[in-house]
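The block underneath contains the structure these notes are about, expressed in structure tokens.
Only the coordinates and a few stated rules stand behind these numbers; no lab work does. Fair warning: this is a prediction, and the values are worked out from it, not measured in the lab.
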Amino acid sequence: MQNIGCLLTGIITIPIIGLVFLGVPGLVIGIIVGGLIAYGAKKQ
């Protein structure tokens, strides 16, 4: 369960950080990166 919490935090936090630093493109990149991290962790 703890891993799921970490994933959700990453999926939410990474896009917000991207949005703050890069604007909308950073948000999109953050969502993609967060999705890839979640997918990779789910596969393990």
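Some observations on this one:
- Pairs of alpha carbons in the chain whose separation is greater than 16 Å (percent): 33
- Against the main long axis of the alpha-carbon atoms of the chain, helix 2-22 sits at an angle near 10°.
- Mean Cα-pair separation over length for the chain, i.e. relative contact order, pairs under 8 Å, 6 or more apart, %: 35
- Tilt relative to the chain, helix 24-43 - C-alpha long axis, 0 to 90 degrees, to 10: 10
- Gain on full stretching of the segment that runs from L8 to I32 - 0.36 nm per residue minus C-alpha separation: 7.3 nm
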